[in-house]
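Take a look at the structure below.
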Amino acid sequence: MSDSAALRVDPVSSKADLKEFVELAYRIYAGDPSWPPPLRSDVRWMLDEAKNPFWKHAKRRLFLARRAGKVVGRIAAIADAEHNRVHADKTGFFGFFECENDVEASRALLSSAEGAVRELLPGCDRLRGPANPSLNDEVGAFVPQESDPGLPFLMMTYNPAYYLDLFAGAGYSKEKDLVAILAPVSDVSFKRLARLAEGVRRREPKLVVRPIRMKRFDEDLAIVKTIYNGAWEKNWGFVPMTSDEIDAMAKKLKPIIYPPYILFAEIDGKPAAFHLALPDFNQVLVKMGGSLFPFGWLKFLTERKKIDRARTMALGVLPEYRKRGLDAVLYYEAMKEGIRIGHKWAEFSWMLEDNLDILKPLEIFGGRIYRRYRLVAKRL
């Protein structure tokens, strides 16, 4: 609890508290056209310790800040045993942060999270965030001052500009920026990629690129599991997803999968790389108000036809197949399909701001850094 009589920060301890935790965001962003309201059922699932397999290796505590009885902020304190095993450190996380422009409330929320992670993770010496709830999910605070405005792409974060000031006011500073690349889906970019892809195919005569097989979905998902965790194992902050976590993510995304955007590269019959892109369903969610009922399904079906952009969420290449141009071939095949169906823009996100091996090649077909998402941290 804070020192102010008017402000209280208390743990979420009832279904009514949890409902207020979920609903706060819909009040803070009411009327903001740049915020795509997530489905309430998805938010509840993410927080559900019995359903979301992330919580099999992590613990969390949720807090609400109330001023004169009104909820003005929320936060989750997260201790992920897998992160600390992989990185051999004692880092806690905060996530699901939402707050009115209230410095006292944000400080009290973050202080509560600091105390909670010390209890959940003895010896914890750093709190990092926001992560909702991990770097494999929605992550980072949107940096409006250094980003283009507008609706974020699918599963990318959005928040008011004052959030970074609230973090700074509680002693948090930048730890790492994640960036998003925007590229036009255009004939000019396509021709550049075509030349690169043709060269790679000449050098790799045993290369085969194919889309995901929906009738053999589980078989292809097993390949994704191998490549996903193998491709990023040395990345900053990366924690391999468990088999159950990947299964849950696949179940969540399966209804919006567009098979020609999920591609596998095989060399001599062996999996080498995969490309995961999805149509940007935020262009639909922004019109649904966070619910499928009573008319959400109708909006979903009618508005999905108007989607004109896609997000490349992952492109993984196994270490032994890197620097052979497989990424160019996969981008080329995806862009070819994007042009065919009338998509205008592609976002590649997210990427570490200092991962030049990935960032530089995207300039070849007109990609540019246009948005930043910041992870902040504080030594405890």
For the range 46-58, 3J(HN,Hα) per residue [Karplus equation, 6.51 cos²θ - 1.76 cosθ + 1.60, θ = phi - 60°, Hz, x = Gly/Pro]: 4, 8, 7, 5, 8, 10, 7, x, 4, 6, 5, 10, 9
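Among 213-220, 113-120, how do they line up by average Cβ neighbours within 10 Å per residue, starting with the highest? Display every interim value, and only then the final one.
Details: 213-220: 11.6, 113-120: 20.1.
Top to bottom by mean Cβ count within 10 Å: 113-120, 213-220.
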Tilt relative to the chain, helix 217-231 - C-alpha long axis, 0 to 90 degrees, to 10: 80 degrees
Label-reachable residues, the range 232-260, where backbone N falls under 17 Å from a point 7 Å from TRP45's Cα toward its Cβ: 242-258
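Based on Cα coordinates alone, diagonalise the gyration tensor for the range 268-380, multiply each eigenvalue by 5, take square roots, and list the semi-axes in whole Å, largest first. Before the final figure, lay out each step's value.
Details: eigenvalues 174, 93, 40 Å².
Whole-Å semi-axes of the equivalent ellipsoid: 29, 22, 14.
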Mean accessible surface per residue for the range 248-380, computed with a 1.4 Å probe while every protein chain stays in place, in Å²: 47 Å²
Between helix 243-253 and the chain: long-axis angle, C-alpha atoms, 0 to 90°, nearest 10: 80 degrees
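How much mean residue ellipticity at 222 nm does the chain get from its helices, if each DSSP H run of length 4 or more adds -39500 (n - 2.57) and you divide by all residues, to the nearest 500 deg cm²/dmol? Working shown, then result.
Details: 12 runs with 132 residues, N = 380.
-10500 deg cm²/dmol, from helical runs alone.
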Given (i) 85, 47, 40; (ii) 98, 41, 39; (iii) 72, 47, 39, the label whose value is Cα extents along the principal axes in Å derived from this model: (iii)
GNM flexibility winner over the chain from ARG126, ARG195, ARG44 (Cα, springs under 10 Å): ARG195
Cα-based helix-to-principal-axis angle, 326-341 vs the chain, degrees rounded to 10: 90 degrees
Most mobile listed residue (ALA16, ALA170, ALA346) in the chain, GNM with C-alpha springs under 10 Å: ALA16
Max mean-square fluctuation residue, GNM over the chain, Cα-Cα springs under 10 Å, options ALA197, ALA222, ALA277: ALA222
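Structure shown: which of LYS176/LYS215; LYS234/LYS287; LYS287/LYS336; LYS70/LYS344; LYS51/LYS336; LYS90/LYS215 lie over 32 Å apart, alpha-carbon to alpha-carbon?
Values: LYS176/LYS215 40 Å; LYS234/LYS287 39 Å; LYS287/LYS336 29 Å; LYS70/LYS344 43 Å; LYS51/LYS336 38 Å; LYS90/LYS215 43 Å.
Check vs 32 Å cut-off fails for LYS176/LYS215; LYS234/LYS287; LYS70/LYS344; LYS51/LYS336; LYS90/LYS215.
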Sum of side-chain charges, VAL179 neighbourhood, beta-carbon under 9 Å (Lys, Arg +1; Asp, Glu -1): 0
VAL12 long-range amide H proximity, modeled H, under 5 Å: LEU62, PHE63, LEU64
Net charge of neighbours whose Cβ lies under 15 Å from the Cβ of ALA310, counting Lys and Arg as +1 and Asp and Glu as -1: +3
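Of the accessible area of the chain, with the probe set at 1.4 angstrom, what percent is carbon plus sulfur?
Numbers: 9380 of 17400 Å².
After summing per-atom areas, the C and S share lands at 54 percent.
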Top positive-direction residue, dipole computed over the range 309-377 with Cβ charges, set PHE348, ALA310, LEU362: ALA310
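The values are calculated or read from the model by the stated rules, or taken from the named source; none is laboratory data. This is a predicted model, so every value here is computed, not measured. Here the Cβ is made from the backbone with ideal geometry for all residues, glycine too, and neighbour counts use every protein chain on show. With ligands, DNA and RNA removed, areas are computed over all heavy atoms of the protein, side chains included. Shrake-Rupley method; radii C 1.70, N 1.55, O 1.52, S 1.80 Å.
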